[in-house]
Amino acid sequence: IQKSVFLLKNSDGSPKQLDLPNFSIRWSGLESAGPWSVLTSTVSLENGYQASSTTKYGITTTRTENDTITNRIIEQIDYTKNWNPLIGINIQWKNKINTSARYTQTESFNDARKGQAQRARSTQTGIQVTAGYTMQQGFRIPIKMWPFKNKRFKNQTDFSLSYNQSTTRTENAVKPGVEWGPFVEQAFTTTYTLSPKVTMTFSRTVTGYVQYEYGATNSKSGSSKINSFKFNVSIQIRG
(Lines give C-alpha, C1' and ligand atoms only; values in the text may rest on other atoms or scores of the structure.)
Protein backbone atom coordinates (compact mmCIF):
# COMPACT_ATOMS: atom_id res chain seq x y z
CA ILE A 1 0.00 0.00 0.00
CA GLN A 2 1.48 3.35 -1.07
CA LYS A 3 0.35 6.85 -0.16
CA SER A 4 1.59 10.44 -0.28
CA VAL A 5 2.72 11.84 3.07
CA PHE A 6 4.68 14.66 4.69
CA LEU A 7 7.56 13.23 6.71
CA LEU A 8 8.90 14.52 10.01
CA LYS A 9 11.28 12.78 12.42
CA ASN A 10 10.70 11.00 15.71
CA SER A 11 13.24 11.19 18.54
CA ASP A 12 14.82 7.86 17.48
CA GLY A 13 15.38 9.11 13.91
CA SER A 14 12.49 7.18 12.36
CA PRO A 15 10.01 9.01 10.09
CA LYS A 16 6.78 10.47 11.46
CA GLN A 17 4.23 10.82 8.72
CA LEU A 18 1.38 13.24 8.15
CA ASP A 19 -1.23 12.60 5.47
CA LEU A 20 -0.59 15.65 3.29
CA PRO A 21 -0.33 15.94 -0.51
CA ASN A 22 2.86 16.62 -2.44
CA PHE A 23 3.36 20.13 -3.78
CA SER A 24 5.34 22.27 -6.21
CA ILE A 25 5.51 26.07 -5.85
CA ARG A 26 6.97 28.72 -8.14
CA TRP A 27 7.10 32.45 -7.33
CA SER A 28 7.51 34.65 -10.40
CA GLY A 29 7.74 38.41 -10.91
CA LEU A 30 10.36 38.97 -8.21
CA GLU A 31 12.47 41.09 -10.56
CA SER A 32 10.30 44.08 -9.69
CA ALA A 33 11.28 43.93 -6.00
CA GLY A 34 14.11 46.11 -4.71
CA PRO A 35 17.31 46.49 -6.75
CA TRP A 36 16.54 43.42 -8.92
CA SER A 37 14.75 45.53 -11.55
CA VAL A 38 17.95 47.38 -12.51
CA LEU A 39 19.96 44.28 -13.41
CA THR A 40 17.46 41.51 -14.20
CA SER A 41 14.67 40.77 -16.66
CA THR A 42 13.03 37.91 -14.74
CA VAL A 43 13.56 36.39 -11.27
CA SER A 44 11.71 33.39 -9.85
CA LEU A 45 11.98 31.07 -6.84
CA GLU A 46 11.06 27.37 -6.72
CA ASN A 47 10.19 24.86 -4.02
CA GLY A 48 9.01 21.29 -4.53
CA TYR A 49 8.26 18.37 -2.23
CA GLN A 50 7.45 14.72 -2.91
CA ALA A 51 7.20 11.97 -0.31
CA SER A 52 5.54 8.60 0.02
CA SER A 53 5.34 5.59 2.29
CA THR A 54 4.95 2.01 1.10
CA THR A 55 3.79 -0.68 3.54
CA LYS A 56 4.27 -4.39 2.88
CA TYR A 57 2.08 -6.85 4.77
CA GLY A 58 2.39 -10.53 5.54
CA ILE A 59 -0.21 -13.09 6.58
CA THR A 60 0.08 -15.32 9.65
CA THR A 61 -2.24 -18.22 10.38
CA THR A 62 -2.94 -19.68 13.81
CA ARG A 63 -4.90 -22.92 14.10
CA THR A 64 -6.98 -23.82 17.14
CA GLU A 65 -9.17 -26.81 17.85
CA ASN A 66 -12.27 -25.09 16.53
CA ASP A 67 -11.06 -22.34 14.23
CA THR A 68 -8.29 -20.88 12.09
CA ILE A 69 -7.25 -17.31 12.88
CA THR A 70 -5.63 -15.21 10.15
CA ASN A 71 -3.79 -12.00 10.96
CA ARG A 72 -2.20 -9.39 8.73
CA ILE A 73 1.10 -8.04 10.06
CA ILE A 74 3.43 -5.32 8.82
CA GLU A 75 6.67 -6.78 7.46
CA GLN A 76 8.30 -3.65 6.08
CA ILE A 77 7.71 0.08 5.61
CA ASP A 78 9.67 2.10 3.05
CA TYR A 79 9.71 5.91 3.16
CA THR A 80 11.05 8.31 0.54
CA LYS A 81 11.31 12.10 0.83
CA ASN A 82 12.49 14.39 -1.93
CA TRP A 83 12.91 18.16 -1.80
CA ASN A 84 13.39 18.97 -5.49
CA PRO A 85 14.35 21.66 -4.94
CA LEU A 86 14.38 22.70 -1.32
CA ILE A 87 15.19 26.13 -2.70
CA GLY A 88 15.80 27.14 -6.30
CA ILE A 89 16.36 30.50 -7.97
CA ASN A 90 16.25 31.35 -11.68
CA ILE A 91 17.54 34.68 -12.99
CA GLN A 92 17.57 36.10 -16.50
CA TRP A 93 19.92 39.09 -16.52
CA LYS A 94 19.50 42.08 -18.79
CA ASN A 95 22.74 41.20 -20.57
CA LYS A 96 20.91 38.01 -21.74
CA ILE A 97 22.80 35.67 -19.39
CA ASN A 98 20.63 33.05 -17.70
CA THR A 99 21.60 31.64 -14.30
CA SER A 100 20.03 29.16 -11.92
CA ALA A 101 20.92 27.61 -8.57
CA ARG A 102 19.21 24.70 -6.82
CA TYR A 103 19.65 22.87 -3.54
CA THR A 104 18.06 19.41 -3.39
CA GLN A 105 17.68 16.84 -0.63
CA THR A 106 16.57 13.22 -0.89
CA GLU A 107 16.12 10.74 1.95
CA SER A 108 15.01 7.12 1.96
CA PHE A 109 14.24 5.08 5.06
CA ASN A 110 13.72 1.32 5.19
CA ASP A 111 12.08 -0.17 8.30
CA ALA A 112 12.28 -3.98 8.09
CA ARG A 113 10.28 -5.77 10.80
CA LYS A 114 10.35 -9.37 9.58
CA GLY A 115 12.98 -11.53 11.24
CA GLN A 116 15.70 -9.46 12.86
CA ALA A 117 14.43 -5.88 12.93
CA GLN A 118 16.75 -3.44 11.18
CA ARG A 119 16.64 0.02 9.67
CA ALA A 120 18.52 1.56 6.77
CA ARG A 121 18.70 5.26 5.98
CA SER A 122 20.18 6.97 2.92
CA THR A 123 20.53 10.74 2.60
CA GLN A 124 21.64 12.66 -0.46
CA THR A 125 22.08 16.42 -0.86
CA GLY A 126 22.94 18.25 -4.04
CA ILE A 127 23.89 21.71 -5.30
CA GLN A 128 23.48 22.62 -8.96
CA VAL A 129 24.58 25.99 -10.37
CA THR A 130 24.33 26.80 -14.08
CA ALA A 131 24.95 29.83 -16.28
CA GLY A 132 24.23 30.16 -19.98
CA TYR A 133 24.39 32.63 -22.83
CA THR A 134 23.02 32.35 -26.36
CA MET A 135 24.57 34.20 -29.30
CA GLN A 136 22.83 34.33 -32.64
CA GLN A 137 24.68 35.41 -35.73
CA GLY A 138 25.04 34.51 -39.37
CA PHE A 139 27.21 34.76 -42.46
CA ARG A 140 26.64 35.30 -46.16
CA ILE A 141 28.40 33.40 -48.93
CA PRO A 142 29.70 36.11 -51.32
CA ILE A 143 29.11 34.06 -54.49
CA LYS A 144 26.36 35.10 -56.85
CA MET A 145 26.38 31.87 -58.84
CA TRP A 146 23.97 28.98 -58.28
CA PRO A 147 23.57 27.21 -55.86
CA PHE A 148 24.97 29.86 -53.49
CA LYS A 149 23.39 33.08 -54.82
CA ASN A 150 24.62 35.14 -51.84
CA LYS A 151 22.75 32.80 -49.53
CA ARG A 152 22.81 33.75 -45.86
CA PHE A 153 23.24 31.09 -43.16
CA LYS A 154 22.03 31.65 -39.62
CA ASN A 155 23.82 29.92 -36.77
CA GLN A 156 23.35 29.87 -33.00
CA THR A 157 25.99 29.35 -30.33
CA ASP A 158 25.09 28.40 -26.76
CA PHE A 159 27.69 28.81 -24.01
CA SER A 160 27.03 27.12 -20.66
CA LEU A 161 28.90 26.48 -17.43
CA SER A 162 27.57 24.09 -14.79
CA TYR A 163 28.74 23.10 -11.33
CA ASN A 164 27.31 20.06 -9.54
CA GLN A 165 28.06 18.83 -6.03
CA SER A 166 26.47 15.89 -4.23
CA THR A 167 26.90 14.13 -0.89
CA THR A 168 25.52 10.66 -0.16
CA ARG A 169 25.45 9.01 3.27
CA THR A 170 24.19 5.48 4.09
CA GLU A 171 23.48 4.37 7.68
CA ASN A 172 22.12 1.22 9.35
CA ALA A 173 20.60 0.52 12.78
CA VAL A 174 19.59 -2.74 14.48
CA LYS A 175 17.33 -3.60 17.39
CA PRO A 176 19.18 -6.08 19.60
CA GLY A 177 16.68 -5.74 22.45
CA VAL A 178 13.74 -3.53 23.32
CA GLU A 179 15.38 -0.29 22.19
CA TRP A 180 16.81 0.58 18.81
CA GLY A 181 20.57 0.99 18.58
CA PRO A 182 22.13 4.14 17.08
CA PHE A 183 22.57 4.60 13.33
CA VAL A 184 26.05 3.61 12.18
CA GLU A 185 27.50 5.12 9.02
CA GLN A 186 28.22 2.51 6.35
CA ALA A 187 29.21 4.67 3.38
CA PHE A 188 29.90 8.34 2.67
CA THR A 189 30.60 9.78 -0.80
CA THR A 190 31.08 13.31 -2.11
CA THR A 191 31.27 14.24 -5.79
CA TYR A 192 31.75 17.51 -7.61
CA THR A 193 32.02 18.38 -11.30
CA LEU A 194 32.68 21.59 -13.25
CA SER A 195 31.69 21.50 -16.89
CA PRO A 196 31.89 24.21 -19.60
CA LYS A 197 30.07 23.44 -22.85
CA VAL A 198 29.70 25.11 -26.24
CA THR A 199 26.84 24.03 -28.50
CA MET A 200 26.56 25.26 -32.08
CA THR A 201 23.55 25.03 -34.38
CA PHE A 202 24.46 25.77 -37.99
CA SER A 203 21.09 24.82 -39.45
CA ARG A 204 18.11 22.61 -38.75
CA THR A 205 20.17 19.61 -39.84
CA VAL A 206 23.70 20.36 -38.58
CA THR A 207 24.51 20.69 -34.86
CA GLY A 208 27.51 20.02 -32.67
CA TYR A 209 29.01 20.60 -29.25
CA VAL A 210 32.29 20.63 -27.36
CA GLN A 211 32.28 19.83 -23.63
CA TYR A 212 34.94 19.49 -20.96
CA GLU A 213 34.27 18.04 -17.51
CA TYR A 214 36.54 18.15 -14.49
CA GLY A 215 35.78 16.88 -10.99
CA ALA A 216 36.48 14.36 -8.26
CA THR A 217 34.80 11.67 -6.17
CA ASN A 218 35.81 10.95 -2.58
CA SER A 219 34.57 8.09 -0.41
CA LYS A 220 35.64 5.88 2.47
CA SER A 221 37.17 3.42 0.03
CA GLY A 222 39.24 6.00 -1.84
CA SER A 223 39.08 8.86 -4.31
CA SER A 224 39.17 9.35 -8.07
CA LYS A 225 39.45 12.22 -10.54
CA ILE A 226 37.02 13.07 -13.33
CA ASN A 227 38.67 14.51 -16.44
CA SER A 228 36.86 14.10 -19.76
CA PHE A 229 36.55 15.85 -23.11
CA LYS A 230 33.61 15.33 -25.46
CA PHE A 231 33.11 16.39 -29.06
CA ASN A 232 30.06 15.69 -31.18
CA VAL A 233 28.77 16.63 -34.63
CA SER A 234 25.31 15.60 -35.79
CA ILE A 235 24.21 15.80 -39.43
CA GLN A 236 20.63 14.92 -40.19
CA ILE A 237 20.00 13.64 -43.70
CA ARG A 238 16.48 14.08 -44.98
CA GLY A 239 15.05 12.19 -47.90
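The values are calculated or read from the model by the stated rules, or taken from the named source; none is laboratory data. It should be emphasised that the depicted structure is a prediction, and the values quoted were computed from it without experimental measurement. As a convention, Cβ positions derive from the backbone with ideal geometry for all residues, glycine included, and neighbour counts pool all protein chains shown. Surface areas here come from the heavy atoms of the whole protein model, side chains and all, with no ligands, DNA or RNA. Shrake-Rupley method; radii C 1.70, N 1.55, O 1.52, S 1.80 Å.
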Residue count, region 24-36 (criterion: part of a strand (DSSP E or B) and of a type in the set (Ser, Thr, Tyr)): 1
Residue list for region 78-93, restricted to those being aromatic (Phe, Trp, Tyr) and open to solvent by 30 Å² or more (accessible area, probe 1.4 Å): TRP83, TRP93
Qualifying residue in region 37-53 (condition: within 17 Å of ALA112 (Cβ to Cβ) and assigned to a strand (DSSP E or B)): yes
Looking only at region 54-71, and only at residues there that are open to solvent by less than 60 Å² (accessible area, probe 1.4 Å) and in contact with an Asp or Glu (Cβ under 6 Å, 6 or more places away or on another chain), the one that is farthest from ASP111 (Cα to Cα): GLY58
Single residue of region 1-31 satisfying the filter (modelled with pLDDT of 85 or more and out of contact with any Ser or Thr (no Cβ under 9 Å at 6 or more places or on another chain)) that is most open to solvent (accessible area, probe 1.4 Å): SER24
Selection count where residues are part of a loop (DSSP other than H, G, I, E, B), farther than 22 Å from TRP27 by Cβ and among the basic types (Lys, Arg), scope region 61-113: 2
Enumeration of residues in region 73-127 that are among the basic types (Lys, Arg) and on the phi > 0 side of the Ramachandran plot: LYS96
Residues (over 25 Å from TYR133 (Cβ atoms) and not charged (D, E, K, R)) located in region 91-109: GLN105, THR106, SER108, PHE109
Failed criterion for THR40 (all others in (1) out of contact with any helix residue (DSSP H, G or I) (no Cβ under 8 Å at 6 or more places or on another chain); (2) modelled with pLDDT of 80 or more; (3) open to solvent by less than 40 Å² (accessible area, probe 1.4 Å) hold): (1)
Meets criteria (of a type in the set (A, V, I, L, M), in a strand (DSSP E or B) and at pLDDT 90 or above) for VAL233: no
Qualifying positions in region 94-121 - among the polar types (S, T, N, Q), open to solvent by less than 50 Å² (accessible area, probe 1.4 Å) and modelled with pLDDT under 95: SER108, ASN110
Pair list, Cβ < 7 Å and 6+ apart or interchain, from region 178-191 residues that are within 24 Å of GLN165 (Cα to Cα) to residues that are open to solvent by 40 Å² or more (accessible area, probe 1.4 Å) and in a loop (DSSP other than H, G, I, E, B): ALA187/LYS220; PHE188/LYS220
Residues being closer than 18 Å to TYR163 by Cβ and either charged (D, E, K, R) or touching a residue at least 40 places away in the same chain (Cβ under 8 Å) (or both) - total across region 216-239: 2
